[in-house]
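Take a look at the structure set out below.
Each value in this text was obtained by applying a stated rule to the coordinates, not by laboratory testing. Bear in mind that the values here come from a model prediction, so they are computed numbers and not experimental data. Cβ atoms come from the backbone with ideal geometry, glycine included; neighbour counts cover every protein chain shown.
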């Protein structure tokens, strides 16, 4: 019934209790999830998790915030993308939220990493999982310059403005909302959630982070994605079953996963 488009089951908060996580997902009718890679060093663990469960798939990429890790080359990403059950490139993108003493100009390495991921996505024909925080203009500019509309993808855990959302939609991207949409102070984000068309809407947990209300501050897992769907349904004036069905269909379409949850991608 539900699909979690972004979770981190390899992170220590969840990796040590995967059987419990899988049982909770089944009880909550969460049938599919994308397990996200954030470093090359982490990928083998991510990939192994995706192979353990018929409703899980994996991405291949290096998060823009990660420094002091192996820098991905185009060849690296293409080799990982060719592995079974790998359906996306990322997460990748730009994050200017915690610059510290650095300037935006100092983040050229991050922009170049982003470009490498986009080129890999175009070369293998798989969608991008895009992270952008306080960097909407540069994120969109690089996506346009690198021809990312040819592969599309998803702006995950969306927290940017309505203008950024519209521009992302114009590029053919999907918009995914996390538990943040349930937070008391997220009125502007809920307004953005109301404008995203049905055919471009996704839901996620970004677990183990961002547990939705009433679990805010606790360890999150994919079984809580129905709470995100419920809040979006209330905002959009539809039944939660409608949001569950359309976001599941969008997940399948974006990541090219036709057929039942047990089918092989």
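Mind giving me the FRET efficiency for residue 105 and residue 183? R0 is 30 Å, r the Cβ-Cβ distance, nearest 0.05 is fine. Walk me through the numbers before you get to the answer.
On the way: r = 33 Å, r/R0 = 1.08.
Rounded to the nearest 0.05, the efficiency is 0.40.
Within the listed set 80, 99, 232, the residue fluctuating most in the Gaussian network model of the chain (springs between alpha-carbon atoms under 10 angstrom) is 99. In terms of packing, defined here as the mean over residues of other Cβ atoms within 10 angstrom, the peptides 155-161, 208-214, 18-24 line up highest first as 155-161, 208-214, 18-24. With N the number of residues in the chain, Rg(Cα) / (2.2 N^0.38 Å) evaluates to 0.92.
Dividing the summed helix terms, -39500 (n - 2.57) for each DSSP H run of n ≥ 4, by the number of residues in the chain produces a 222 nm estimate of -12000 deg cm²/dmol to the nearest 500.
In region 135-265, how does Rg compare with the Kirkwood Rh, expressed as the Rg/Rh ratio over alpha carbon atoms?
Details: Rg = 14.7 Å, Rh = 15.2 Å.
Radius of gyration relative to Kirkwood radius: 0.97.
Shown here is the pair-distance distribution of region 114-195: with all Cα-Cα distances grouped in 5 Å bins from zero up to the longest one, the shares run 3, 16, 28, 24, 14, 9, 5, 1, 0 percent. Stretched out straight at 0.36 nm per residue, the stretch from residue 249 to residue 44 would grow longer than its current Cα-Cα span by 71.0 nm.
May I ask you to derive the relative contact order of region 2-254, considering only C-alpha pairs under 8 Å and at least 6 residues apart, and to give it as an integer percent? Contact order relative to length: 19 percent. Decide, for region 1-92, between rounded, prolate and oblate: order the square roots of the alpha carbon gyration tensor eigenvalues as a ≥ b ≥ c, take rounded if a/c falls under 1.5, and otherwise choose prolate if a/b is larger than b/c, else oblate. Prolate, because a/c is 1.5 or more and a/b exceeds b/c.
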